[in-house]
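Asks: Can you read through this structure? Questions will come right after.
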DNA sequence: ACCTGAACACCGTTCAAGT
DNA sequence: ACCTGAACACCGTTCAAGT
């Protein structure tokens, strides 16, 4: 039922594939050496021969996942629109690999994961007329914003009903002054719209000529 | 040496305090029921009587930490500056409680944690002239940006040397076109500056009158 | 070169038994 | 009402032994 065929030797590739399957289905926490061994039909200790230990196994898994994330193709005409399109693509990438961020984050491979998006961003930011350190800042600011958004967004989805109940938190003075605001904050946010909107604002702010000093 | 005095009964408060100590010193991962029992000088099973189980213990811990996060006091004259000051304060709050974000995130209590900052942001955004849904969007955009920044920043600090070595990633065409940009991206970022800069850009973009439709 | 089982030091949690 | 030890079902990892 697991599709086990005749097999001369266990393979590093097979171990990684099976591990990837477990992570994909139930998250990194579900990847135990023993379950993995069971899945592969071998002794637990065989796995150690091929991948070292659990830590190194996760490292290899992240490496492999990051490796085939694929390119990012900007769309749109105006520079600001093209940058925003990269942000959208990056968000999609992260959302399509829900367990990746956590693993990457724990392993300190964030920069590595961002590489495709960073390349695209660098190109577009340059096209928008930013140079040198200012361009680098813009690239990083957009990256950071996307990560933050995806993380908060995911948290929302996993815990749909927030425990204190947001409604009761916004009935006080705020509600009197601006009922629409209170209502908007009590409602769950339209994350799609919020993302588009905040990226637009951020990019606009970044592309503007520096004020003052 | 642990300051254990005569004690009639173990107390829920004592359990929480000891647990908070363990988390503060070595992170949530180091909080095991057995270590905690050893710390308290009781049987492991006593803890269960007072706090239910590990999950509920962590819940209580988060609740307590969030409860005494304290107020956020905006500074500055112009609305944009005051909003930025709230962002800075929120960043400081999160940085001062390094283990909090992860725990809160895992528990789906993000909204709850943000409450003090959200109140302050609502007030300032309102003062800046935004109303209703647009004000709510601005508040949320700033929140998301701060979280993203702190997370990426913390990741940086924990893994100071990124494995692929960023230098070699930026020597190609980019370096020819804009050596200063390549150099800037190869260097570790000045997170303090990047934060100030990106918040300023975001806030500026959010406060601007909507363009087009 | 590759696989194995036994063993060690850890976990969280339950439960029946104590006071 | 509160605490206890024994027991269960899990972990990751090491090691000596097999082929």
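The values are calculated or read from the model by the stated rules, or taken from the named source; none is laboratory data. This structure is a prediction, so every number in the text was calculated from the model and none was measured. Here the Cβ is made from the backbone with ideal geometry for all residues, glycine too, and neighbour counts use every protein chain on show.
Asks: In this structure, does residue B:80 turn out to be surrounded by fewer than 22 Cβ atoms within 10 Å (Cβ to Cβ), under 23 Å from residue B:192 (Cα atoms), more than 16 Å from DNA strand C (Cβ to nearest atom) and within 12 Å of another protein chain (Cβ to nearest Cβ)?
Replies: yes
Asks: Failed condition for residue B:150, given (1) within 22 Å of residue A:151 (Cβ to Cβ); (2) more than 9 Å from chain A (Cβ to nearest Cβ); (3) touching a helix residue (DSSP H, G or I) at 6+ places or on another chain (Cβ under 6 Å); (4) in a helix (DSSP H, G or I), with all others met?
Replies: Of the numbered conditions (1) within 22 Å of residue A:151 (Cβ to Cβ); (2) more than 9 Å from chain A (Cβ to nearest Cβ); (3) touching a helix residue (DSSP H, G or I) at 6+ places or on another chain (Cβ under 6 Å); (4) in a helix (DSSP H, G or I), the odd one out for residue B:150 is (2).
Asks: Would you check if residue A:95 is under 16 Å from the mean Cα position of the chain (by Cα), within 18 Å of residue A:154 (Cβ to Cβ) and modelled with pLDDT of 95 or more? Talk me through it step by step, then tell me what you get.
Replies: Values: under 16 Å from the mean Cα position of the chain (by Cα): yes; within 18 Å of residue A:154 (Cβ to Cβ): yes; modelled with pLDDT of 95 or more: no.
Answer is no for this residue.
Asks: Mind listing whichever residues of the stretch B:22-35 are more than 14 Å from every other protein chain (Cβ to nearest Cβ) and either surrounded by fewer than 13 Cβ atoms within 10 Å (Cβ to Cβ) or within 15 Å of DNA strand C (Cβ to nearest atom) (or both)? Quick ask: steps written out before the conclusion?
Replies: Going through the stretch B:22-35, the residues more than 14 Å from every other protein chain (Cβ to nearest Cβ) turn out to be B:22-26, B:30-35.
Within the stretch B:22-35, B:22, B:23, B:25, B:26, B:30, B:31, B:32, B:33, B:34, B:35 qualify.
Asks: Grab the helices (runs of 4 or more DSSP H) fully contained in the stretch A:1-89, keeping just those with 2 or more residues being closer than 30 Å to residue A:146 by Cβ.
Replies: Working: elements: A:12-26, A:33-40, A:44-51, A:54-67.
So the answer is A:12-26, A:54-67.
Asks: Can you spot a residue in the stretch A:104-122 that is away from every other protein chain (no Cβ under 13 Å), at pLDDT below 95 and away from DNA strand C (no atom under 16 Å from the Cβ)?
Replies: Kept after step one, since they are away from every other protein chain (no Cβ under 13 Å), are these residues of the stretch A:104-122: none.
No, the stretch A:104-122 has no match at all.
Asks: Identify the residue in the stretch A:3-21 that is within 15 Å of DNA strand C (Cβ to nearest atom) and at pLDDT below 95 and, among all such residues, is farthest from the other protein chains (Cβ to nearest Cβ).
Replies: A:6
Asks: Go through the stretch A:48-59 and count every residue that is near DNA strand D (Cβ under 8 Å from one of its atoms) and surrounded by 15 or more Cβ atoms within 10 Å (Cβ to Cβ).
Replies: Of the residues in the stretch A:48-59, 3 are near DNA strand D (Cβ under 8 Å from one of its atoms) and surrounded by 15 or more Cβ atoms within 10 Å (Cβ to Cβ).
Asks: If you don't mind, another one. So which residues in the stretch B:119-139 are in a helix (DSSP H, G or I), out of contact with any helix residue (DSSP H, G or I) (no Cβ under 6 Å at 6 or more places or on another chain) and under 17 Å from residue A:189 (Cα atoms)?
Replies: B:119, B:134
Asks: Test each condition in (1) within 16 Å of DNA strand D (Cβ to nearest atom); (2) surrounded by 15 or more Cβ atoms within 10 Å (Cβ to Cβ) for residue B:72 and report the one that comes out false.
Replies: With respect to (1) within 16 Å of DNA strand D (Cβ to nearest atom); (2) surrounded by 15 or more Cβ atoms within 10 Å (Cβ to Cβ), residue B:72 is out only on (1).
Asks: Within the stretch B:105-116, is even one residue surrounded by 21 or more Cβ atoms within 10 Å (Cβ to Cβ), closer than 17 Å to residue B:202 by Cβ and in contact (Cβ under 8 Å) with a residue 60 or more places away in the chain?
Replies: Taking every residue of the stretch B:105-116 in turn, none turns out to be surrounded by 21 or more Cβ atoms within 10 Å (Cβ to Cβ), closer than 17 Å to residue B:202 by Cβ and in contact (Cβ under 8 Å) with a residue 60 or more places away in the chain.
Asks: While we're looking at this one, here's another question. Please verify whether the stretch B:28-41 includes one or more residues that are under 30 Å from residue B:139 (Cβ atoms), away from DNA strand D (no atom under 16 Å from the Cβ) and modelled with pLDDT under 95. Before the answer, list the steps.
Replies: Applying the first criterion (under 30 Å from residue B:139 (Cβ atoms)) to the stretch B:28-41 yields B:28.
So of that shortlist, the ones also away from DNA strand D (no atom under 16 Å from the Cβ) come out as B:28.
This time we only want the ones that are modelled with pLDDT under 95, so: B:28.
Yes: one or more hits.
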